[in-house]
Amino acid sequence: MHHKLKKVESKYRDTFNKKELVYGSIIATFIAISPFIFNLYQSVPDQKVWNTFLFTYDSNYFESVYVVAWTLAGKIIPLLLMFIWFFTCKHWWYHTIIVPISMFIYQAIQTLNSDLSWVDNNLILYMLPIMAIVIPTIYLIRARMFNKLNTANKSLEELEAEFMIKPKGFWDKLRQYF
């Protein structure tokens with residue numbers, strides 16, 4: 001009976017490690033090719049109006065679709081890398097990554113807003129509630145950790161493990177915030 005249990009545990013561990021290896025490989029590949037993805041803006045023509053079979057883009061503010069694509073690539077690629085960091089970070093302070101994520105989202109929307117004029121100009125006000133929640137939360141977690149460090153003989157890793165909620169997957173981790 002004990003032998004069968006070990007065999008099942010070993011099979012589960014191998015399956016989990018394979019799944020983790022696949023996800024890790026996909027993430028590592030995306031990070032490694034991110035400079036190439038960034039340079040996709042070079043395939044956009046340097047003209048004011050770009051007609052494709054899907055859409056027509058008229059660059060009013062920048063007067064060049066190429067400049068818009070370059071500017072957006074400079075916002076969207078770091079944003080995607082921040083999302084990867086956020087969803088893979090195992091430290092207690094990972095919620096602070098939401099602040100630069102919101103900044104990159106704000107900058108991308110402002111870039112499109114400059115060219116398309118469809119969003120309010122005061123988008124920075126939308127970041128303030130995010131920062132008003134994240135910054136005090138991180139400070140309170142930090143204060144609790146230092147209090148526990150001073151009252152108990154625990155290592156920082158033990159405290160991080162105590163504060164972390166262990167979601168089972170990507171969607172569980174995403175649901176944790178909404």
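For S34 and Y126, the difference between the fully extended length at 0.36 nm per residue and the C-alpha to C-alpha distance is 30.3 nm. Other residues whose C-beta falls under 12 angstrom from the C-beta of V67 contribute a net charge of -2, scoring Lys and Arg +1 and Asp and Glu -1.
Values quoted throughout were computed directly from the atomic coordinates according to the rules given, and no laboratory measurement underlies them. Because the structure is a prediction, the values reported are computed rather than measured. Every residue, glycine among them, receives a Cβ derived from its backbone with ideal geometry; neighbour counts consider all protein chains shown.
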